[in-house]
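Undergrad: I have a structure I would like to understand better, so I am pasting it below and will then ask my questions one at a time.
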Amino acid sequence: MAKSKFLSLDSLSFQDFDENSELIPLMTPEDEAEINNELLPNTLPILPLRNTVLFPGVVIPITAGRDKSIKLINDANKGSKVIGVVSQKDETVEDPIGKDIYKIGTVARILRVLKMPDGNTTIIIQGKKRFEIDEIMSEEPYITATVKDVKEAKPAVDNEEFSAIIDSIKELALQIIKDSPNIPTEATFAIKNIESSSFLINFVSSNMNLSVEDKQKLLEINDLKERALATLKFMNVEFQKLELKNDIQSKVQSDMNQQQREYFLHQQMKTIQEELGGVSYDEEIDEMRLRAKDKLWDDKVDEHFHKELAKLQRMNPQVAEYSIQRNYLDLFLDLPWSEFSKDKFDLKRAKRILDRDHYGLDDVKRRIIEYLAVLKLRNDMKSPILCLYGPPGVGKTSLGKSIAEALGREYVRMSLGGLRDEAEIRGHRKTYIGAMPGRILQSLKKAGTANPVFVLDEIDKLSNSNQGDPSSAMLEVLDPEQNGEFYDNFLEMGFDLSKVMFIATANSLSSIQPALLDRMEIIDVTGYTIEEKVEIGKRHLLPKQLKEHGLEDKHLKIAKPQLEKIVEGYTRESGVRSLEKQLAKMVRYAAKNIAMEEPYNIKVTNEDVVEVLGIPKLERDKYENNNVAGVVTGLAWTRVGGDILFIESILSKGKGTLTITGNLGTVMKESATIAMEYIKANADEFGIDPEIFEKYNVHIHVPEGATPKDGPSAGVTMLTSLVSLFTQRKVKNSLAMTGEITLRGKVLPVGGIKEKILAAKRARIKEILLCEDNRSDIEEIKPDYLKGLKFHYVTDMSDVLKYALTDQKVKNAKTL
């Protein structure tokens, strides 16, 4: 038998005849006439196709994965092997019904059924003739419909125009096959050996790169000449595209330089990355563009972002600037542009949260509730810049967390201690390798909203260096009139910080730049009384330490008397950090005994406190030395809160020199000199013999000589000490004083009154001497803090001495 070309069912390719292969010859005009004379069944099972169209005479493979389709194929394969094939209107529909498929389809015969390893079924079918769905009979277990024949209008055999169209289709098809590298050469043989004009049109239409909709339109054309003309038009378009593509490729190949070669290699590398499961650069850019659609930024920011994205797209991914540009765009997408959390304006709930987390601090809580009230009424108020100012350990930082919970906002904390580089605030310019945005924007990115509660911790610890002045950079951040357009060097655009609630904390206001201080509202967070410390220890610190050490409430109980003993004997700060450390020791003592299964007192006694913490380090009986002339108790303010100090004076025979010791600053030394000169000028009024000043040396000492001390508050104390020394008169018991003095004999007001009052109470002082102008400071303090204290207000030095000194001489008074 002579060899001829046939269509192989094994590979769906054209090959030489082989007796062992199952082959079907290409359709001839006789085959076509025979098919057209076949009677069309009245009812056909309908197989919907997702993404292809079957034309009469064409053989195609179909993979069926849907249960309905597999059921239909199995039933048809057991019977007549004839089915109706119709394309879906929308390929995404998983379970198509009658309205989801076209009306015109093709009768097909199943040539082979193949079971695939993945569980799907592949069938090879050949189109026979077209049909039209008349009526859908059923949709379960698969679509069944009554169908009718669709007649095809064919031109006369001697129609020259139709013959010219067919010849043009053949020539154009052969030219496309020749110019396209993706079409196998066997297709040339197929085109040359097709004798049927109708089959040629169907074969070309089936293999053209057209959409399902366009192929369906071709299938539905009843006039063969009109269908041939439409097919030729589509082929011309495809041929022009192919010519243009080949022309561009030819130019690219001829003009390719080293950079283009690198780009081509990079594209290959990108493909390899995709195969290995990586993400290509183009996918990253598309993902950025997709994320940008959901951002709430304005037109200006949107334009800037897409301009920078286009710049990234033009960059070679191998250069160092590419990663900087990508990080820049990532920051743009991660920042919360106009994304705000909803504030909770339940003021009673906010008050409960503040009271739950912090005992005392009524003034601070009142100010926060006032802020929430105004924000609730206006709903567009610019957030104020609050500065919580006070000694360590009083709860300034934790207040910020409670405010965030009360407001329902995100909480962000940024420690400024030791910060000395301006770029930490404003960021680096992105022209530098390793450039990063400032910590302000980084924190907002982490928070995810543009209105968090932002705690700037230790703002008084900012320092300067040759990298710039961070405190000056903070001016724009903390100015409500400027921070609506905060400029970050890395972002290169303004970002709105006006809705952020900034809360700064500081231990001292003296080291804060005045311009920065002016932009903040200062709220004093003063120290705690003994009673408050006991309550804080009971409510907060002891439960916290028990939890951190793996114990429960039943394992250790410390009553109020024992807590008060710990507070008085082992802590002297304004805050509660030292108290927490002492309670931690008590808890560790219980934990050790539990772990070693040794007996211990669950209810702590005074003896247990001494056993665990040692002998009380802070004795309160400091006033037994009132029988010594020249010793007076003063009140001072330190960075850890209020404290008491002693001024000691002594006389020795000499030539009237004044010596001052105790690690004192300039201001305190000047106060001693003023006091001495005032006494000399008013010696007669005080009953002092002026010759004493020439025969005796005066030495003033402030104990704890290793601790630096400075400030004007000790002026009245030094004056009282010297007069007591010269007159040998006794100072009143349990009396402390504070105030500045002048050469004219006036007493001036001083600051830190509340902290000093708390220190006096801790030291069991009963009477306090203050300047008259400090009376308003006392009136602002809660009455609970003032219980057991008596105040004397003075205006000049004579009043100080009248209140402070008794007429009683001290024991063993010297005769001067």
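Undergrad: For segment 499-512, state whether one or more residues are touching a His at 6+ places or on another chain (Cβ under 8 Å) and either under 30 Å from Q325 (Cβ atoms) or buried (at least 16 other Cβ atoms within 10 Å of the Cβ) (or both).
TA: no
Undergrad: So, in segment 185-238, of the ones that are outside any helix (DSSP H, G or I) and in contact with a Phe, Trp or Tyr (Cβ under 8 Å, 6 or more places away or on another chain), which residue ends up surrounded by the most Cβ atoms within 10 Å (Cβ to Cβ)?
TA: Restricting to residues being outside any helix (DSSP H, G or I) and in contact with a Phe, Trp or Tyr (Cβ under 8 Å, 6 or more places away or on another chain), the top hit is I194.
Undergrad: Then there is this: Exactly one condition in (1) touching a helix residue (DSSP H, G or I) at 6+ places or on another chain (Cβ under 8 Å); (2) surrounded by 24 or more Cβ atoms within 10 Å (Cβ to Cβ); (3) under 25 Å from E691 (Cβ atoms) is false for L725; which is it?
TA: (1)
Undergrad: Could you tell me whether segment 152-164 includes any residue that is of a type in the set (A, V, I, L, M) and surrounded by 14 or more Cβ atoms within 10 Å (Cβ to Cβ)?
TA: No, segment 152-164 has no match at all.
Undergrad: So E140 ticks every box in (1) surrounded by 14 or more Cβ atoms within 10 Å (Cβ to Cβ); (2) at negative phi but one. Which box is left unticked?
TA: If we test E140 against (1) surrounded by 14 or more Cβ atoms within 10 Å (Cβ to Cβ); (2) at negative phi, just (1) comes out false.
Undergrad: If I ask for residues that are under 26 Å from Y785 (Cβ atoms), more than 26 Å from the chain's Cα centre (by Cα) and hydrophobic (A, V, I, L, M, F, W, C), which ones from segment 490-528 would you list?
TA: Correct list: L509, I522, I523, V525.
Undergrad: Return the residues of segment 493-536 that are among the hydrophobic types (A, V, I, L, M, F, W, C) and assigned to a loop (DSSP other than H, G, I, E, B); say none if nothing qualifies.
TA: Hits for segment 493-536 are L497, V500, L509, I512, M520, V525.
Undergrad: Of (1) surrounded by fewer than 21 Cβ atoms within 10 Å (Cβ to Cβ); (2) among the aliphatic types (A, V, I, L, M); (3) part of a helix (DSSP H, G or I), M414 satisfies all except one. Which?
TA: (3)
Undergrad: Another question about this same structure. Could you tell me whether any residue of segment 682-695 is closer than 30 Å to K761 by Cα, of a type outside the set (D, E, K, R) and in a helix (DSSP H, G or I)?
TA: No, segment 682-695 contains no residue that is closer than 30 Å to K761 by Cα, of a type outside the set (D, E, K, R) and in a helix (DSSP H, G or I).
Undergrad: Filter segment 538-587 down to the residues that are surrounded by fewer than 21 Cβ atoms within 10 Å (Cβ to Cβ) and in contact with a Pro (Cβ under 9 Å, 6 or more places away or on another chain), then identify the one that is farthest from N601 (Cα to Cα).
TA: R577
Undergrad: Same structure again: Taking N682 as meeting all but one of (1) surrounded by fewer than 24 Cβ atoms within 10 Å (Cβ to Cβ); (2) within 20 Å of Y793 (Cα to Cα); (3) out of contact with any Ser or Thr (no Cβ under 7 Å at 6 or more places or on another chain), write down the number of the exception.
TA: (2)
Undergrad: Follow-up question, since we're still on this one. Among the residues that make up segment 296-305, is at least one of them under 29 Å from F340 (Cβ atoms), surrounded by fewer than 14 Cβ atoms within 10 Å (Cβ to Cβ) and either at pLDDT 85 or above or of a type in the set (S, T, Y) (or both)?
TA: Yes, segment 296-305 has at least one match.
Undergrad: Tally time: how many residues in segment 385-411 are surrounded by fewer than 20 Cβ atoms within 10 Å (Cβ to Cβ) and in a strand (DSSP E or B)?
TA: 1
Undergrad: Shifting gears a bit: Going through I60, I97, I70, I104 one at a time, which residue ends up being surrounded by fewer than 21 Cβ atoms within 10 Å (Cβ to Cβ), within 25 Å of A190 (Cβ to Cβ) and at pLDDT 85 or above?
TA: Exactly one residue qualifies, and that residue is I60.
Undergrad: Identify, from the list E410, E405, E422, the residue that is among the acidic types (D, E) and farther than 20 Å from L478 by Cβ.
TA: From the options E410, E405, E422, the qualifying one is E405.
The values are calculated or read from the model by the stated rules, or taken from the named source; none is laboratory data. As the structure is a computational prediction, the values presented were derived from the model and not from experiment. Glycine also receives a Cβ, built like all others from the backbone with ideal geometry; neighbour counts cover every protein chain displayed.
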